[in-house]
1. Looking only at residues in the range A:30-39 that are closer than 30 Å to B:GLY85 by Cβ and within 13 Å of chain B (Cβ to nearest Cβ), which one is surrounded by the most Cβ atoms within 10 Å (Cβ to Cβ)?
2. Kindly indicate whether any position in the range B:8-29 is part of a helix (DSSP H, G or I), more than 14 Å from chain A (Cβ to nearest Cβ), at pLDDT 95 or above and near DNA strand D (Cβ under 9 Å from one of its atoms).
3. List every residue pair whose Cβ atoms lie under 8 Å apart, where the two residues are 6 or more positions apart in sequence or sit on different chains, the first residue falls within the range A:1-12 and is within 14 Å of A:GLU43 (Cα to Cα), and the second residue, located anywhere, is within 12 Å of DNA strand C (Cβ to nearest atom) and modelled with pLDDT under 95.
4. Please determine whether any residue of the range B:114-134 is surrounded by 14 or more Cβ atoms within 10 Å (Cβ to Cβ), facing another protein chain (nearest Cβ under 10 Å) and modelled with pLDDT under 75.
5. If I ask for residues that are of a type outside the set (A, V, I, L, M, F, W, C) and within 14 Å of B:LEU11 (Cα to Cα), which ones from the range B:41-65 would you list?
6. Quick check: is even one residue across the range B:38-55 within 9 Å of DNA strand D (Cβ to nearest atom), of a type in the set (Gly, Ala, Ser), touching a residue at least 24 places away in the same chain (Cβ under 8 Å) and outside any loop (DSSP other than H, G, I, E, B)?
2 protein chains.
Amino acid sequence: MKLSTKGRYGLRAAIDLAQYSEREAVSISSIALRQNISEGYLEQLVAKLKKAGLVMSTRGAQGGYRLARPAAEISVGDVLRALEGNLDAVVCSAQTGEGCQGADLCVTKYVWQKINESITKTVDEIMLSQLVEESRKAQKKSADQQPDYGAQKCLG
Amino acid sequence: MKLSTKGRYGLRAAIDLAQYSEREAVSISSIALRQNISEGYLEQLVAKLKKAGLVMSTRGAQGGYRLARPAAEISVGDVLRALEGNLDAVVCSAQTGEGCQGADLCVTKYVWQKINESITKTVDEIMLSQLVEESRKAQKKSADQQPDYGAQKCLG
DNA sequence: ACGAAATCCAAGTAAAATGCTAGGAAATGA
DNA sequence: TCATTTCCTAGCATTTTACTTGGATTTCGT
């Protein structure tokens, strides 16, 4: 019941892109540096975002990635689904159509549906633009106070 | 981001107990039979429920398990947490207290909190008694119609 | 035209988690 | 006493995770 690093790193990468790719393409290496994620691994994550149509790429020198849509039109749900696949905590066979014809008798199905719905609703409501905004605020606030050199990078 | 069989089987076992353990102790083997789960594995799951104080046991012949509280006072969240541990999809190091002092700068934390809250709220609202009730209704309805011999057991 | 900077692509791999199985000790009711 | 049951621990095969490695290809700048 845990979100893997795919989802966690990938969302950070997406937010990073939302923040820095408006003017120019952003390279994997620069994201990796800022976010403190292995380049090779990050490459695979961003590839998933591209495959899902959330980012576009330019090859060659000075190339890199940019969001394919405005950050206000990409939800956290879009990103997490691109990275982790279906977000449903339980995929009941009744939902896939095959088997489980005693679906009427299956009580837990009700529970899984509720859980799935609540997760979906939550992640689809939060847009990347909101998170960028939050991040800007936080950075400003942090800069106003004295800098804390010992601060550890957050891997959330 | 998937619930493991621990949670899925375990919840079915808990519902089974809620349904059948009111009058007498219910053995692992009878639950396993009804729910079509391996006995050995189920034993470990029910042990977790016991450790969490949700069920009580009687050893020896004619022994077995019973719910430790009325089904109306045990939530799906209680059961799933007993089985899967913390249900939080992401445990941010900021929440554990150690490291991550740049928590203000950590935007994703906001997202994980929202997700965790929505899951928690959902599972804590559903009580075992509700599910037993649903199950009774469904069984009655199913019995009224013609029986479908080919029906597969639902593993949800 | 060359070379550095990039994306793109496919495999391999160590470590951890999952989903069990196996075997037996201890308790208890008939 | 003996069948039935919980209790406890260890092992183990498979799958998933979280990377790493090595290269091919594209493109910009000089």
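1. A:ILE37
2. Yes, there is a match, as at least one residue in the range B:8-29 is part of a helix (DSSP H, G or I), more than 14 Å from chain A (Cβ to nearest Cβ), at pLDDT 95 or above and near DNA strand D (Cβ under 9 Å from one of its atoms).
3. A:GLY7/B:MET1
4. No.
5. Start the filter on the range B:41-65 by keeping residues that are of a type outside the set (A, V, I, L, M, F, W, C), which leaves B:41, B:43-44, B:48, B:50-51, B:53, B:57-60, B:62-65.
Listed by number, the residues that qualify are B:TYR41, B:GLU43, B:GLN44, B:LYS48, B:LYS50.
6. The answer is no, given that none of the residues of the range B:38-55 is within 9 Å of DNA strand D (Cβ to nearest atom), of a type in the set (Gly, Ala, Ser), touching a residue at least 24 places away in the same chain (Cβ under 8 Å) and outside any loop (DSSP other than H, G, I, E, B).
The values are calculated or read from the model by the stated rules, or taken from the named source; none is laboratory data. Note that the structure is predicted; figures quoted are calculated from it, not measured. With ideal geometry, Cβ positions are generated from the backbone for all residues, glycine too; neighbour counts draw on all protein chains shown.
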